Amino acid sequence: MRGLPIAIVLAAAALALANAGRLNPYWTHVAIIAMYYGILAASWSLLAGYVGLFSLSHMAFASIGGYTSALLIQWFRLPIPLGIVAGVVMCCALGGAIGWVCLRMSGPYLAIFTLGFSEIVRITISTEDEVTAGMAGLHTHSLLASATRLPYLYVAFALLALSLLLMGLLVRSRWGLFFRAIREDEQAAAASGVAVARCRIVAFAVASGFAGLAGGFYAHYIGIMTPSVGDLDEMAKLLVMTVIGGMERLPTAVGGAFVVEFLLEWLREYGQWRLPVFGIVLLLTMRFARNGLVTPFWLQFLRLGEARVSPLSAAPTVPDKESGT
Amino acid sequence: MSGRAELVRGVGLVKRFGGIVANDAVDFVVAEGDLLGLIGPNGSGKTTLINMLTGHLEPDGGDVLVRGQRMSGRPPNVYAAMGVARTFQQTQLFGRMTVLENMLVPGLARSHSTWDEVARRARRYLDFLSLSDVEQLPAKNLSGGQQKLLELGRCLMLEPAVLFLDEPFAGVHPRLRDKLLDRIRELHQGGRTFVVVDHDMESILRISRRLVVMARGSKIADGEPDAVRADQAVLAAYAGL
C-alpha cells in the first residue's frame, strides 16, 4: 500500500479539477496564482532546501522569464508556448552563469550577491522603458483565447504537475543525493567524489529555468509585466511561503505557497495587518518548526497505508530502481 | 619502496597562512602497499600536508602528483576519482542523511555505477564495519566511534588506492579503536594503502610499517618505526626531550 498517498493525491486533484468550475472567478484567480507561486516555491526549495544555496534572485528569474517571452513574442511574433520556452532557456543559461560565478560563495555572501543581481535586474527593467515599458508595464499577449479563467486554471495545474514531476525525478535520482550531500557538507561531498561545482551550476540552472517557466505563464495570464514581479517584496513572500511550508521537500513547499496565498486573500479584510501576522508566523516557524508547518502533516500523510513496521524500516530507503543522471 | 608503484607524491610542497609557514618545501611519497604513520606535535603541518595531497588545499609552491600525473588546480573530486580518499580531523559526515545514504554518495559518484550495485556494495561494507544495524539512522545520531567507522566506510565506497586517515582514533572508545585498527590491518592485508595521522602513538606504532615525522612545517624523519623512534631529532621535536 505504499502507493496509497499518491493515489489519494491524484484522486483529490482529479476531484478538485472536476469541481473547479464551481469556483467563482475571484477564487479561481487565487487558485491560479497559488499554483504560480507553487512552481516558484518548489523550485526555490530545490535550490535552498536541497542544495543549501540560499539565493535571493529567484523572483528576478521569474521576471526575466516573463519579459523574455513577452518581448520575443512582440518582436518576432513567436507562438506563445515557444516564447515561454525561450524564457525558460534564457533563465537556465543565466541561472547557470550565476551559479558559476557564485561557486565559492555560500550563506550570507551568496544571499547578498543574488540580492544584488536581483536589484540590477529590477532597476534595468524599470529604467529601460523603451524596451520594457518600464514602470508603466509591458502589455503581453494572452495565452488562451478564453473569456473565463477556468482554462488558465487547468494550464496552471498542468504546469505545476509537470514541474513537480520533473523536479521530483531529479531529487530522487543520484543528483538529488549529491545535492543533499553538498547541503550537509560541501567539503566532504567533494572528498566523496561529487563534482560540487557541476552540481551547484546544474541546481542553479534548473531552479532558474522553472522560475522562468512560472514567470512566462504569469506574463501571458495577467496580461502585463511590471518590474514589481521581481522585486524584494515578492522574494520575501516566496521565502515566507517556502519556509512556512517546509523548504526541504517539494510538496511541502507547494503546500506553503497554497496556505499562504489562500490565507492572504481570506484575511484581506484586515488590510496590511495580515502581513505582520505572517511575519510572526514565520518567526515562530523558524524558532519552533524549522522543517515547516506543513511538513509534519505531509509526513503523517505519507505514512498512510504503511503496515505497522519498525521505526528503522519505516525510514527512507534506497531507491530500488536504476536511476540515471 | 623499490619495485612498488608510486601512488601519491608531494614535491617541495609549500603552504603559508599569513606569516606562518605551515609546510616548508615538504617532499612526501606514498607507494602502493604502504601503511604509513604520519606524526608530529600540534601545529607541525600534518593536516595541511594531507589537505594538499588530497586536493583540498592549493599549495603555494611545489606540486602534487597522483600516479605520476600533475594535479595542480584540480578539485578534490578528481583526486577521489583517481583513487585518493580521505577522512577528516573532525568527522565530516552528511549528518541528516542516513548511514546508507552516506555510503551511496561516493559509490554513485563513481562513473558507470548503478544503484543496485552500489547499494549491494554499501551493505557489504556496512556489515564489515558492524554498522548494518544502523543503516537507516541519520548519521548524526551515531556515536563518535561509529561516525569514524562510517567515514572510513564512505572512503571505501570509492574503492580507493590510498586512504588518508586524519586522526581516526581521536576521541574513540578503546574497544572501537581496536575494531578500527583491526579493520585497517585487514584492509591493508587486502591490498589497500594507508596514511594514518594521529597523536595516539601507541595505535600508530601498532600498525605502521613506515613512520614520517613532521615538526615546524618540515619533515624531520622518514623510515622504519624503530629507527625513527630512536632518532634524536624526533625525540627532541616530538617528545620535547
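Please treat every number below as a calculation from the coordinates, not as lab data. These figures come from a predicted structure and were not determined experimentally. Reconstructed Cβ throughout: ideal geometry from the backbone, glycine too, with neighbour counts over all protein chains shown.
If you take every residue apart from B:Glu58 with its C-beta less than 10 Å away from the C-beta of B:Glu58, what net charge results, scoring Lys and Arg +1 and Asp and Glu -1?
Numbers: positive: B:Lys15, B:Arg74; negative: B:Asp60.
Net charge in that neighbourhood comes out at +1.
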For the stretch B:74-144 and the stretch A:133-153, write down the distance between their C-alpha centroids in whole Å.
-> 50
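Taking a quarter of the surface of the convex hull around the Cα atoms of the protein assembly as shown, what do you get in nm²? Each step should come with its number before you reach the end.
Values: hull surface 121.7 nm².
About 30.4 nm², averaged over all directions.
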Scalar couplings 3J(HN,Hα) for the stretch B:228-234 by Karplus 6.51 cos²θ - 1.76 cosθ + 1.60 (θ = phi - 60°), nearest whole Hz, x for Gly and Pro, are 5, 5, 8, 5, 5, 5, 5
Sorted by Cβ neighbour density within 10 Å, fewest at the top, the residues A:Asp129, B:Asp231 = A:Asp129, B:Asp231
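Provide the convex hull volume over Cα atoms per residue for the stretch B:6-238, in Å³.
Details: hull volume 27.9 nm³, N = 233.
It comes to 120 Å³ per residue, whole-number rounded.
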Quick one: among B:Lys46, B:Lys15, B:Lys140, which has the greatest mean-square fluctuation in a GNM of chain B with alpha-carbon springs under 10 angstrom?
-> B:Lys140
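Restricting attention to the stretch A:79-145, which GluC sites (Glu not before Pro) occupy a DSSP loop and are surrounded by at most 15 other Cβ atoms within 10 Å? It would help to have the intermediate numbers written out before the result.
Working: sites: A:Glu119, A:Glu128, A:Glu130; in loops: A:Glu128.
Here the GluC sites (Glu not before Pro) that fit, given the DSSP loop and packing criteria, are A:Glu128.
Restricting things to Cα coordinates, could you compute the convex hull volume per residue of the stretch A:25-229 in Å³? Provide the component values of the computation, followed by the final result.
Numbers: hull volume 22.7 nm³, N = 205.
About 111 Å³ per residue, rounded to a whole number.
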GNM result for chain B, Cα springs below 10 Å: residue of B:Ala31, B:Ala119, B:Ala139 fluctuating most strongly | B:Ala119
Could you tell me the distance between the Cα centroids of the stretch B:180-224 and the stretch A:157-210, to the nearest Å?
-> 38
Taking springs between alpha-carbon atoms closer than 10 angstrom, which of A:Leu15, A:Leu103, A:Leu232 fluctuates most in the Gaussian network model of chain A?
-> A:Leu15
Acute angle (nearest 10 degrees) that the helix B:115-128 long axis makes with the longest principal axis of chain B, alpha-carbon atoms | 60
Which net charge results for the neighbourhood of A:Ala62, defined as the other residues with beta-carbon distances under 14 angstrom from its beta-carbon, given Lys and Arg at +1 and Asp and Glu at -1?
-> -1
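Across chain A, where is the longest run that never hits trypsin sites (Lys or Arg not before Pro) in a DSSP loop with at most 14 other C-beta atoms within 10 Å? Mind showing how you got there, number by number?
On the way: sites that count: A:Arg2, A:Arg77, A:Arg104, A:Arg290, A:Arg303, A:Arg308, A:Lys321.
Free of exposed loop sites, the longest segment is A:105-289.
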Where the centroid of each part is defined by its Cα atoms, how far is the stretch B:16-58 from the stretch B:145-166 in Å?
-> 19
Could you work out the local net charge near A:Arg268, counting Lys and Arg as +1, Asp and Glu as -1, over the other residues with Cβ closer than 13 Å to its Cβ?
-> -2
Please report, in debye to the nearest 20, how large the charge dipole of chain A is about its Cα centre when each Lys and Arg carries +1 at its beta carbon and each Asp and Glu carries -1 there.
-> 800
Violations at 22 Å Cα threshold for listed pairs B:Lys140/B:Lys179; A:Lys237/B:Lys140; B:Lys179/B:Lys219 -> A:Lys237/B:Lys140; B:Lys179/B:Lys219
